[in-house]
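Trainee: The structure's right below; bear with me while I get my questions together.
The values are calculated or read from the model by the stated rules, or taken from the named source; none is laboratory data. Source: prediction; values computed, not measured. Don't worry about glycine lacking a Cβ; one is built from the backbone with ideal geometry, like all the others, and counts go over all protein chains shown.
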Amino acid sequence: MSGKNRRNQNQRQQESDNTIASVHCDGLAVMKMVKHCHEESQSNMDLAQGALLGLAFGKTLEITNCFPFPKSGDETMDEEEYQLAMMRRLRRVNVDHFHVGWYQSADVGNFLSLPLLESQYHYQTSIEESVVVIYDTQKSARGFLTLKAYRLTPQAIAMYKDGDFTAEALKNLKISYEKLFVEVPIYIKNSPLTNIMMSELGELIPEESGTHFLDLGTASVLENHLRSLMERVDELNQEATKFNKYQQAVIRQDMDKTRVLAKNQQENNSRIAKGEAPVPDEEVLKTFRPLPVPSRLNSMIVSGQINTYAQHISQFCSQSLAKVYMTQSLQSAKTQPQNN
């Protein structure tokens, strides 16, 4: 291997996150998350959030338990004290009590936001192997279980640590909306006794006669994705308009500076001819205030959410089109007259 290729490989390894390669989640923990997220979505339409407990073995993160955070409107309970009290109680009953991340509900793939970025940054900087698990209530309610685990990339952590979200800083870090989060494969595991019970229950449940395999339930999910995508595109357009106005203001200011400097140069020439001291250019430029550079963090988050919507739309669009073509073929075959 040449030296250049070796350097490129080392650079890619440094830019990628190799702390956790996979997440194994116990079925009971998944059921607790599902129950909490659906209860919150039906009661007050707020985001459901909670803590994940478990252990890390090498590059595998085992999630064995979880518990919900107190509601945001509950002022009688401190969130940090509540978490510590819950972990102490779990430790007393010999349950895994090590904090390994947190979970949050989502609505039709809409989860990427600044609070999510801030929370995961604090988790990942304090607990290196922590993850955030996103459970989509709306898509799961329509028959498509959506449970995904994410971690911040090293570039995103460095960006948030510096606190500089200008276009120049993001360019130096070589970070884009595609490098904010990295998805970690998540697997649902059950104990052998649970698998035996599920096998026995499966034998008792009558088999479907094939009436639901052409269900077009993906149509409603696809419609919601497209509606949310249009809203995010409008937000991105507004962010682009703000940045374009900033660039135009910078160009106008540079043109004004050029004219003022040229005029000052002419005046300095006349002063020198009269034997007077010239006025430094720095004195003239003091009248121009530096323009505040707009933050590009919000536009990056919106772009990342648009990318997520596009991936989900591609997935559900292919499923919906395949089912539509199959049903059309069956319908046309049914309506054609049979030849004797």
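Trainee: Considering Thr258, Thr287, which residue is modelled with pLDDT of 85 or more and either farther than 30 Å from Pro115 by Cα or among the hydroxyl-bearing types (Ser, Thr, Tyr) (or both)?
Mentor: Details: Thr287 fails: modelled with pLDDT of 85 or more.
Answer to the selection: Thr258.
Trainee: Condition test on Tyr135, is it among the aromatic types (Phe, Trp, Tyr) and part of a strand (DSSP E or B)?
Mentor: Taking the combined requirement at face value, the residue satisfies it.
Trainee: Turning to a different aspect of this structure: Farther than 24 Å from Phe243 by Cβ and either surrounded by fewer than 16 Cβ atoms within 10 Å (Cβ to Cβ) or at pLDDT below 90 (or both): which single residue out of Lys189, Lys161, Lys179 fits that description?
Mentor: Going through Lys189, Lys161, Lys179 in turn, the sole match is Lys189.
Trainee: Every residue in region 264-290 that is under 26 Å from Tyr246 (Cβ atoms) and of a type in the set (Lys, Arg), please.
Mentor: So in region 264-290, the residues under 26 Å from Tyr246 (Cβ atoms) come out as 281-282, 284-290.
Of everything in region 264-290, those that are under 26 Å from Tyr246 (Cβ atoms) and of a type in the set (Lys, Arg) turn out to be Lys286, Arg289.
Trainee: Quick one: which of Gln83, Gln104, Gln124 is surrounded by 19 or more Cβ atoms within 10 Å (Cβ to Cβ) and without any contact (Cβ under 8 Å) to a residue 40 or more places away in the chain?
Mentor: Gln124
Trainee: Which one of these is in a helix (DSSP H, G or I), loosely packed, with under 13 Cβ neighbours inside 10 Å and either of a type outside the set (A, V, I, L, M, F, W, C) or at pLDDT 75 or above (or both): Glu235, Glu203, Glu208, Glu239?
Mentor: Only one candidate qualifies: Glu203.
Trainee: Please tell me if Gln311 is modelled with pLDDT under 80, part of a helix (DSSP H, G or I) and out of contact with any Asp or Glu (no Cβ under 9 Å at 6 or more places or on another chain).
Mentor: In short, no.
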